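The block underneath contains the structure these notes are about, expressed in structure tokens.
The values are calculated or read from the model by the stated rules, or taken from the named source; none is laboratory data. All values derive from a computational prediction rather than experimental measurement. Here the Cβ positions follow ideal geometry from the backbone for every residue, glycine too, while neighbour counts run over all protein chains shown.
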């Protein structure tokens, strides 16, 4: 039939684009507009082959072959079919398994069934050479597309290049229509807030138990060792020799004075945030009643809204950590019946209430942010998620108080809408 089909090795296309635009093949260094990329592939294929497009096959790897957010968005686009291989980790690196075999099988099957007259291959792997040869034997014209190499050399198998009927190079100008390098300058996290109670803890003396543990036993000291604080030549040493670095347990046991001269109990311990929210330990005061009673998004969402949210997540939400925080905050605010709750939450900045914070991180995990980080959300991504959340809260509350109900939005160092300053 007089139609063209495009087979895309996503690992090659996006990895080569990352090398070209960001200097390394890591796909986490680029942002992809998949809708624009698919449209550009279609237009280029129809122009080069002079045939209408039948379908674009998108081959990629995924952990346990579970579709990631980008795959869910791609597979609902018109004339796009997603085929997934496995993504496995070996020697600290991720590698695709089964993608080349799937491309080879699809290519030979399409050619054997005469489903098209022209096939466009966007790949660089020489393993597809037998499939390319078989397609040619069935009368299919094979077009091989390459991504412009960062070093000006080939980034494809030379045998594959030699066997192709037609060859084109997707240059930087074409790539940047849908792909851009991420800006690494600036931080998505809000500036740190001064914490005098933490400064008081760090400046307080260590407990006697910690000091005793840090000092060597007297029996083990050399017989003619210099006195503490004195160097071998008699000069004073730089800094105390007996004081060690305090451990979290040491800090938690300190009786540091509070803001009004009241000492904290010795049972106080540290706390930290996790995917399940803020983790509390015995001895730490619970969060305020306002924070504890703050409604979660799940409580505010109906079954119909939950279905619509899922549809939006699949088709429009890109999965960038900052964007995820914004989307979550917009939904939460739009369904909040009591405006007073929003102002209470705004006053809790920069700490997100336990239940909402845990729900926010679990929502972010849906977008594949765990896939390449050993099943944990990277700390920088956590900052970005919460920064996006607080930015939306700030925009809403500021608009309600500003004259006319609107105001200009400040931007983050990377040019995006950034979090407010405390």
Checklist outcome for this item: Sole miss for residue 369 among (1) buried (at least 17 other Cβ atoms within 10 Å of the Cβ); (2) modelled with pLDDT of 85 or more; (3) under 30 Å from residue 35 (Cβ atoms) is condition (2)
Next on the checklist: Within the stretch 269-307, take every residue that is at pLDDT below 85 and assigned to a helix (DSSP H, G or I) and give me the one that is surrounded by the most Cβ atoms within 10 Å (Cβ to Cβ).
Outcome noted: 291
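Does residue 38 satisfy being at pLDDT 95 or above, in the same structural domain as residue 99 (by TED's automatic domain parsing), on the phi < 0 side of the Ramachandran plot and in a helix (DSSP H, G or I)?
Details: at pLDDT 95 or above: yes; in the same structural domain as residue 99 (by TED's automatic domain parsing): yes; on the phi < 0 side of the Ramachandran plot: yes; in a helix (DSSP H, G or I): yes.
Yes; evaluated as a whole, the condition is true for this residue.
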Next on the checklist: Every residue in the stretch 57-101 that is in a helix (DSSP H, G or I) and within 18 Å of residue 14 (Cα to Cα), please.
Outcome noted: 63, 69, 70, 71, 72, 73, 74, 99, 100
Next on the checklist: Regarding the stretch 107-115, can at least one residue be identified that is on the phi < 0 side of the Ramachandran plot, in contact with a strand residue (DSSP E or B) (Cβ under 6 Å, 6 or more places away or on another chain) and outside any helix (DSSP H, G or I)?
Outcome noted: no
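Take residue 169 and decide whether it is outside any helix (DSSP H, G or I), at pLDDT 95 or above and touching a strand residue (DSSP E or B) at 6+ places or on another chain (Cβ under 8 Å). I'd like the intermediate steps shown before the answer.
Values: outside any helix (DSSP H, G or I): yes; at pLDDT 95 or above: no; touching a strand residue (DSSP E or B) at 6+ places or on another chain (Cβ under 8 Å): yes.
No.
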Item to check | Test: residue 327 is crowded, with 19+ Cβ neighbours inside 10 Å and assigned to a loop (DSSP other than H, G, I, E, B) | outcome: no
Item to check | Sole exception among (1) farther than 16 Å from residue 13 by Cβ; (2) at pLDDT 90 or above; (3) loosely packed, with under 14 Cβ neighbours inside 10 Å for residue 46, by number | outcome: (3)
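Looking at 10, 35, can you tell me which residue is under 27 Å from the mean Cα position of the chain (by Cα) and closer than 23 Å to residue 128 by Cα? Walk me through it before giving the result.
Values: 35 fails: closer than 23 Å to residue 128 by Cα.
Among 10, 35, only 10 is under 27 Å from the mean Cα position of the chain (by Cα) and closer than 23 Å to residue 128 by Cα.
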